Amino acid sequence: MTESIAEQRAARVRATVRPEVQAVRGYPVTPPWSGIKIELMEDNHLDRGNDTAATLALRDALGRALADAAFHRYPDPAAPALKAKLRERLGIAAHHGILLGAGSDEVITMVSQAIIAGGGTVLSLEPSFAVFRNAALASAGRYVGVALRPDFTLDLPATLAAIEREQPKLIWVVYPNNPTGNSYADADIEAIVRAAPGLVVIDEAYEPFAGRSWASRLDEFPNVLVMRTLSKIGLAGVRLGYLFGAAAWIDEIDKVRGPFNVGVLQQVAATVLLDHYDELKRHAAAMIAERERTAAALRALPGVTVFPSNANFLLVRFPDAAAVFAALKAHGILVRNLSALHPLMANTLRISIGTAAEMDALTAALKQTLAAP
Ligand SMILES: Cc1ncc(COP(=O)(O)O)c(C=O)c1O
């Protein structure tokens, strides 16, 4: 019997696409959600229903700037206005280079391509952000994960042993870590940096909520860069991530960047929104307060473990996370079930911090769920 076109195509794909790419599991993205969405660490204060005079002013400025933007022209990849604004608002030193990406996801891809492609090992602590592994495998690199301790602190002897054994050219350290929420001890990170034979990138995606950063220490070491994103501070849909540090590193990694990777509208939107950074920081401050209030409320519930968090989410362990996830969904509340991500994550849900009203709804729904027989 002759094979159908679909069968022939499937066989051709299997024979042609690199096996390590075929083995990659795509990053799971949930379809749009109309209820309370506390899943991906977005700034829910920017939902239309929560508008204030300040957010309306921000929208107004954004609308005017986008209408004026030269969207018919290719973007200037040097992005001078945006980079100047990043330096001014986020304290990036004048002598440090900045590499922009369409979200830090793209920055992770570029770093992986520049450093690991064609061989070499990347190391990350686990559980952590899944994109490090996928980007390493897509760049034909080897990926090595080193498990954290069960309380999610860094296992320094195991990490140093893995560095010695594997000689990774690239190490990712997430500070504070996603999905666990904690920040590793600075002395442990320093020991990793000193032991690393290649580059260490400190991923500070959650820096606005942690108030701690390695940015001020970059010049102490020959092999450290800091990566951040504007996603967690209100701009997830804009897609703007950045890597900064010594130009000797940044200039090399920049060579694998697509020539026009950050579009005109992204650049304009990010520049305007950084003018309103104080308002976005107020939202972050509200989320920090909500995080602590919600953590205290959840800790009072039976059988619940709330892990300490420096980020805009809480990792929470339940007796039966899948049942709680389903019950919350039935209440119209979407969180993230990461129980299958890693053995250390068994029975955990990651809950982003939303507005006070949303966190009240979450606590009420959990009280009801956990009290049910
Ligand atoms: C630790 C960490 N790094 C990077 C990212 C990617 O962020 P983005 O691509 O939106 O900049 C995330 C997103 O959740 C993250 O948690």
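Worth pointing out:
- Qualifying position, being surrounded by 14 or more Cβ atoms within 10 Å (Cβ to Cβ) and of a type outside the set (Val, Ile, Thr), among PRO319, PRO308, PRO343: PRO308
Quick grid of which residues meet (1) free of Cβ contacts under 8 Å to residues at least 60 places away in the same chain; (2) in contact with a Gly (Cβ under 9 Å, 6 or more places away or on another chain):
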residue	(1), (2)
GLY263	no, no
VAL268	no, no
VAL304	no, no
LEU314	no, yes
ALA330	yes, no
ALA357	yes, no
ALA364	yes, no
GLN368	yes, no
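- Take the conditions (1) outside any helix (DSSP H, G or I); (2) among the small types (Gly, Ala, Ser); (3) without any contact (Cβ under 8 Å) to a residue 60 or more places away in the chain; ALA323 misses just one of them, which is (1).
- Enumeration of residues in region 93-102 that are more than 10 Å from ILE253 (Cβ to Cβ) and away from the ligand (no atom under 16 Å from the Cβ): ALA93, ALA94, HIS95, HIS96
- Any hit, region 116-130, residues being under 25 Å from MET345 (Cα atoms), assigned by TED's automatic domain parsing to the domain that holds GLY258 and without any contact (Cβ under 8 Å) to a residue 40 or more places away in the chain: no
- Within region 158-212, tally of residues that are within 14 Å of the ligand (Cβ to nearest atom) and either of a type in the set (S, T, N, Q) or outside the structural domain of VAL144 (by TED's automatic domain parsing) (or both): 5
- In region 219-237, the residues that are more than 9 Å from the ligand (Cβ to nearest atom) and either under 13 Å from VAL107 (Cα atoms) or crowded, with 20+ Cβ neighbours inside 10 Å (or both): VAL224, LEU225, VAL226, ILE233, GLY234
- Number of the condition not met by GLU279 [criteria: (1) more than 30 Å from LEU370 (Cα to Cα); (2) in contact with a Pro (Cβ under 9 Å, 6 or more places away or on another chain)]: (2)
- Boolean, PHE209 is surrounded by fewer than 20 Cβ atoms within 10 Å (Cβ to Cβ) and among the aromatic types (Phe, Trp, Tyr): no
- Flag if ALA269 is assigned to a helix (DSSP H, G or I) and either buried (at least 24 other Cβ atoms within 10 Å of the Cβ) or within 15 Å of the ligand (Cβ to nearest atom) (or both): yes
- Near pairs, Cβ below 8 angstrom, 6+ apart or cross-chain, from region 60-84 (surrounded by 14 or more Cβ atoms within 10 Å (Cβ to Cβ)) to any residue that is small (Gly, Ala, Ser) and not in a helix (DSSP H, G or I): PRO75/GLY263
- Leading residue by the ranking (farthest from the ligand (Cβ to nearest atom)) among those in region 103-135 that are among the polar types (S, T, N, Q) and within 30 Å of PRO150 (Cα to Cα): THR121
- Considered as a group, the residues in region 140-162 that are in contact with a Ser or Thr (Cβ under 8 Å, 6 or more places away or on another chain) and in a strand (DSSP E or B) include one that is surrounded by the most Cβ atoms within 10 Å (Cβ to Cβ), and that residue is VAL146.
- Restricting region 23-76 to residues that are away from the ligand (no atom under 16 Å from the Cβ) and touching a strand residue (DSSP E or B) at 6+ places or on another chain (Cβ under 7 Å) leaves a set whose member that is nearest to ASP278 (Cα to Cα) is ILE36.
- Summed over region 287-302, the residues that are part of a loop (DSSP other than H, G, I, E, B) and surrounded by 15 or more Cβ atoms within 10 Å (Cβ to Cβ) give a count of 1.
- Wholly enclosed helices (runs of 4 or more DSSP H) of region 1-76 bearing at least 1 residues under 30 Å from ASP360 (Cβ atoms), out of contact with any helix residue (DSSP H, G or I) (no Cβ under 6 Å at 6 or more places or on another chain) and modelled with pLDDT of 95 or more: 53-68
The values are calculated or read from the model by the stated rules, or taken from the named source; none is laboratory data. Not measured: the values here are computed from a predicted model. Don't worry about glycine lacking a Cβ; one is built from the backbone with ideal geometry, like all the others, and counts go over all protein chains shown.
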